[in-house]
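The values are calculated or read from the model by the stated rules, or taken from the named source; none is laboratory data. Because the structure is a prediction, the values reported are computed rather than measured. Cβ atoms come from the backbone with ideal geometry, glycine included; neighbour counts cover every protein chain shown. Quick note on the areas: whole protein, heavy atoms, side chains included, nothing else; ligands and nucleic acids left out. Shrake-Rupley method; radii C 1.70, N 1.55, O 1.52, S 1.80 Å.
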Amino acid sequence: MDLGDNNSIVYEEPFADTPEKKQERVERLRHAHSVQIDTGFAYYRNRSNESIASELRVNGFDGVYYCVISDRGIIPGLVGKIQRQNLTDPDVAIGLQADFGSQAATRRKPEWRETFLQACEAAGVATTTYYEFALRSEVFTAPPVLKELRRQGESLQLIFDQRLGSSSPEKMRQRLLTDESGRQYILRHATLDGNILIATLSPIPSVGTVLRVPLGGLTDDPSVRFGVSADSEEIDQPANAILENTVISLPVLPENQF
């Protein structure tokens with residue numbers, strides 16, 4: 001194997017690389033986006049499996065791992081070396097794990113994660129995973145983001161990208177949601193399940209209706225944060241609140257079948 005420069009790897013037989021195979025690996029890397037979680041953390045307590053799964057889904061992940069593996073960094077040429085030594089089948093995807101939140105010192109921003117993906121592509125890695133999802137930087141520095149509206153029987157789920165503060169149901173009560181025609185829907189009652197507000201609306205909107213949802217003042221939940229070091233600027237950081245007058249428009253999706 002010829003390493004060439006730091007950003008290219010040329011494989012020798014028996015693993016015959018081609019531009020088509022390289023592009024296929026890149027596509028698998030982009031679409032096999034998984035994450036590792038430790039459900040012993042407070043962040044995952046007192047919420048349903050649906051809540052945890054939905055948060056992973058709306059944040060763009062399609063796989064999850066529960067084991068703990070330390071991050072050893074990216075070693076240029078390692079993937080090709082493993083394949084050339086016939087230690088793995090060349091058709092088997094090789095993955096790499098990074099640590100973006102197990103401790104305050106390893107908490108990564110989205111920009112770092114994109115750089116990580118690019119480095120994995122250059123190294124020939126076919127899939128990636130991260131540890132620890134619950135402790136990503138957004139949980140400490142950003143307010144919740146509404147990602148989906150979804151019917152659940154005669155209720156409407158408001159699915160956010162992270163856990164909400166316990167006062168969220170009361171803050172949302174009696175708020176008016178409107179559709180594109182100006183029709184109003186009163187939020188009569190809501191319960192909280194981690195990152196999901198389960199709301200009773202009058203009337204209940206039909207699937208496909210685009211709703212404008214006022215969200216100003218809702219916050220995340222600082223009580224379930226974990227892993228903040230004593231010298232970190234994040235310690236004792238207050239709740240992150242959605243700005244007043246924030247309104248998000250989303251279509252109502254059908255009830256989940258999974």
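General observations
- Among the numbered conditions (1) modelled with pLDDT of 95 or more; (2) within 20 Å of the chain's Cα centre (by Cα); (3) open to solvent by less than 60 Å² (accessible area, probe 1.4 Å), the only one that residue 252 does not meet is (2).
- Of all residues in region 125-136, exactly one satisfies the criterion of being open to solvent by 10 Å² or more (accessible area, probe 1.4 Å) and of a type outside the set (Val, Ile, Thr), namely 131.
- Matching residues, region 50-73, being at pLDDT below 75 and of a type outside the set (Asp, Glu): 61, 63, 64, 65, 66, 67, 68, 69, 70, 72, 73
- Meets criteria (among the aliphatic types (A, V, I, L, M) and either part of a loop (DSSP other than H, G, I, E, B) or closer than 27 Å to residue 106 by Cα (or both)) for residue 164: yes
- Positions within region 199-216 being buried (at least 18 other Cβ atoms within 10 Å of the Cβ) and under 28 Å from residue 137 (Cα atoms), in sequence order: 213, 214, 215
- Restricting the first member to region 160-178 and to residues that are over 18 Å from residue 200 (Cα atoms), and the second to residues that are open to solvent by less than 10 Å² (accessible area, probe 1.4 Å), the beta-carbon pairs closer than 6 Å and six or more apart or on different chains are 162/139; 162/144; 162/195; 162/220; 163/194; 163/195.
- Matching residues in region 187-230 - criterion: being of a type in the set (A, V, I, L, M), free of Cβ contacts under 8 Å to residues at least 60 places away in the same chain and part of a strand (DSSP E or B): 187, 190, 192, 197, 198, 199, 201, 210
- Selection status of residue 106, within 16 Å of residue 37 (Cα to Cα) and of a type in the set (Val, Ile, Thr): yes
- Residue within region 155-172 that is touching a His at 6+ places or on another chain (Cβ under 7 Å) and surrounded by fewer than 18 Cβ atoms within 10 Å (Cβ to Cβ) present: no
- Scope region 96-124; condition over 16 Å from residue 225 (Cα atoms), open to solvent by less than 10 Å² (accessible area, probe 1.4 Å) and either hydroxyl-bearing (Ser, Thr, Tyr) or touching a strand residue (DSSP E or B) at 6+ places or on another chain (Cβ under 6 Å) (or both); matching residues: 98, 120
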